[in-house]
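The block underneath contains the structure these notes are about, expressed in structure tokens.
The values are calculated or read from the model by the stated rules, or taken from the named source; none is laboratory data. Model, not experiment: these values are computed from the prediction. With ideal geometry, Cβ positions are generated from the backbone for all residues, glycine too; neighbour counts draw on all protein chains shown. In case anyone asks, the SASA skips ligands and DNA or RNA and just uses the protein heavy atoms, side chains included. Shrake-Rupley method; radii C 1.70, N 1.55, O 1.52, S 1.80 Å.
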Amino acid sequence: MSFEKFKLHPILLEAISTIGYEAPTLVQDQTIPVVLDGKDVITSAQTGTGKTAAFAIPILQGLITSQEASKPNKKIKALIVSPTRELAIQIAKNFKSYGKHSNIRSAMIYGGTEIEPQKELLAKGIDILVATPGRLLDLHKQDLLNLDYIRTLVLDEADLMLAMGFIDDVKKIERLCPEDKQTLLFSATIPYRIEQLANQILNNPERIEIGQNDSVASSVHQLLFYVSKRHKISLCLHLLNNTVSGSILIFRRTKFGVDKLYERLKDEGFKVERIHGNRNQNERQKALADFKRNRVNILIATDVAARGIDISELDAVINFDMPNIPETYVHRIGRTGRAGRAGEAFSLCSADEKNYVKSIEQFINDQIPVENNHPFPLDPNAKPIIHKKKGSKHKKGRKSAASKKKKRRWYK
């Protein structure tokens, strides 16, 4: 089945053919006709299934066939809200590729970079805007953005926007758009709060779910290594030197953790890069470009920085830190083993992360194979490390010298 069945405009079909798309993916096949019909949509599908084209192609179709598309004083007709800069850049590139033979103008705005060039882009007039929530609201507050003409609002990676604390901003943005707009919500998972959001802002939406969010592709070979926290870096080095090869994505929970592992691997002579929220846009883009072009073969990232980034032909994923959300595990390892290729997923679990493994195994309804034959096995009797809260310097029941002095003054 080709894209011609959607009765798309010839210039759209030409662009799609040039890109190399032969047939729509499952998410495109089910979503495009519904969007073309003008209905609200909730689509749940993992990264890499073709979600961007599923909303970009019908949006472009509507604008190209509209008589207003050729008007010089363009108003923003479609707004795509994305949680991260990387996602915004990727979505904007796709819109330009699909609409390259048309006169449709698109632009992207995001934080962490100079605002003046973005103001100039908006002043020229555009049809499609891809934006991160904070910068969008900032420019609207300055009266530099008019959302009164929005026909289609897209909320992409909604579950990540929830995790990043953007839901209130998303609600504000939705209220700034016309009531009669079409709203499309795309998400890798649909947790309860996203369900609540959908009920509040969507109008009788069509629901499309591609694949089971709790499933792991059979092409991904999983292995679990129990190891103490202090030996995790040593085990990671052992795997990189003896077991894992090719293009490798390593997940860490924190920005500090990413930097620490990056410095160690770099000192050991590995070709490695890193992405996280504290790196500026140019650094993040360069790191990703170097990884995609095989200038480095290891990329270390946080979940937030890596979400939505399209990395093809990934050989292995290493969960240096176990995720505390089962869906995140599925999402992480789902980046490898695509398009019929085999992939590997290695997870390093310390004593305090064992409960995360139990939750993951319950979620995927399967046990992750354990590899005990490695140089840094975890002591079976090892107990989770309990981190003391800051400020708890004094033992329970004992008073500080300052407290005693204060008490003596009270009785004087």
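Here are the criteria: (1) more than 23 Å from residue 51 (Cβ to Cβ); (2) surrounded by 14 or more Cβ atoms within 10 Å (Cβ to Cβ); (3) more than 21 Å from the chain's Cα centre (by Cα). Tell me which single one residue 112 does not satisfy.
For residue 112, the failing item is (3).
Among the listed residues 371, 313, 353, 344, identify the single one that is charged (D, E, K, R), at positive phi and out of contact with any helix residue (DSSP H, G or I) (no Cβ under 7 Å at 6 or more places or on another chain).
313
Taking into account only those residues within region 349-360 that are among the polar types (S, T, N, Q) and part of a helix (DSSP H, G or I), which is least open to solvent (accessible area, probe 1.4 Å)?
Restricting to residues being among the polar types (S, T, N, Q) and part of a helix (DSSP H, G or I), the top hit is 359.
Anything in region 304-328 that is surrounded by 18 or more Cβ atoms within 10 Å (Cβ to Cβ), under 15 Å from the mean Cα position of the chain (by Cα) and assigned to a helix (DSSP H, G or I)? List them, or say none.
305, 306, 327, 328
Okay, residues lined up against (1) modelled with pLDDT of 95 or more; (2) surrounded by 13 or more Cβ atoms within 10 Å (Cβ to Cβ); (3) of a type in the set (A, V, I, L, M, F, W, C):
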position: 150; (1), (2), (3): yes, yes, yes
position: 166; (1), (2), (3): no, yes, yes
position: 178; (1), (2), (3): yes, no, no
position: 185; (1), (2), (3): yes, yes, yes
position: 192; (1), (2), (3): no, no, no
position: 199; (1), (2), (3): no, no, no
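Looking at 54, 88 in this structure, which one is touching a strand residue (DSSP E or B) at 6+ places or on another chain (Cβ under 6 Å) and not in a loop (DSSP other than H, G, I, E, B)?
Among 54, 88, only 88 is touching a strand residue (DSSP E or B) at 6+ places or on another chain (Cβ under 6 Å) and not in a loop (DSSP other than H, G, I, E, B).
Pairs, please: C-beta under 6 Å, at least 6 apart or cross-chain, first residue open to solvent by 50 Å² or more (accessible area, probe 1.4 Å) and in region 11-22, second assigned to a helix (DSSP H, G or I) and among the aromatic types (Phe, Trp, Tyr)?
none
Among the residues of region 91-132, count how many are in contact with a helix residue (DSSP H, G or I) (Cβ under 9 Å, 6 or more places away or on another chain) and part of a loop (DSSP other than H, G, I, E, B).
14
Does residue 80 satisfy the criteria of being touching a strand residue (DSSP E or B) at 6+ places or on another chain (Cβ under 8 Å), among the aliphatic types (A, V, I, L, M), closer than 25 Å to residue 9 by Cα and touching a residue at least 60 places away in the same chain (Cβ under 8 Å)?
Against the criterion (touching a strand residue (DSSP E or B) at 6+ places or on another chain (Cβ under 8 Å), among the aliphatic types (A, V, I, L, M), closer than 25 Å to residue 9 by Cα and touching a residue at least 60 places away in the same chain (Cβ under 8 Å)), residue 80 qualifies.
Within region 23-45, restricting attention to residues that are among the acidic types (Asp, Glu) and not in a helix (DSSP H, G or I), which residue is surrounded by the most Cβ atoms within 10 Å (Cβ to Cβ)?
Step by step, filter region 23-45, then rank; the result is 40.
Give the residue that is surrounded by the fewest Cβ atoms within 10 Å (Cβ to Cβ), with candidates limited to residues of region 329-348 that are in contact with a strand residue (DSSP E or B) (Cβ under 8 Å, 6 or more places away or on another chain) and farther than 25 Å from residue 191 by Cα.
Among those residues, the one meeting the criterion is 342.
From the list 225, 251, pick out the single residue that is touching a residue at least 60 places away in the same chain (Cβ under 8 Å) and either within 19 Å of residue 265 (Cα to Cα) or of a type in the set (Ser, Thr, Tyr) (or both).
Every option except 251 fails the conditions.
Answer with yes or no whether residue 241 is surrounded by fewer than 20 Cβ atoms within 10 Å (Cβ to Cβ) and under 24 Å from residue 37 (Cα atoms).
no
Give the residues of region 152-164 that are assigned to a loop (DSSP other than H, G, I, E, B) and buried (at least 21 other Cβ atoms within 10 Å of the Cβ), sorted by residue number.
Scanning region 152-164 gives 156, 157.
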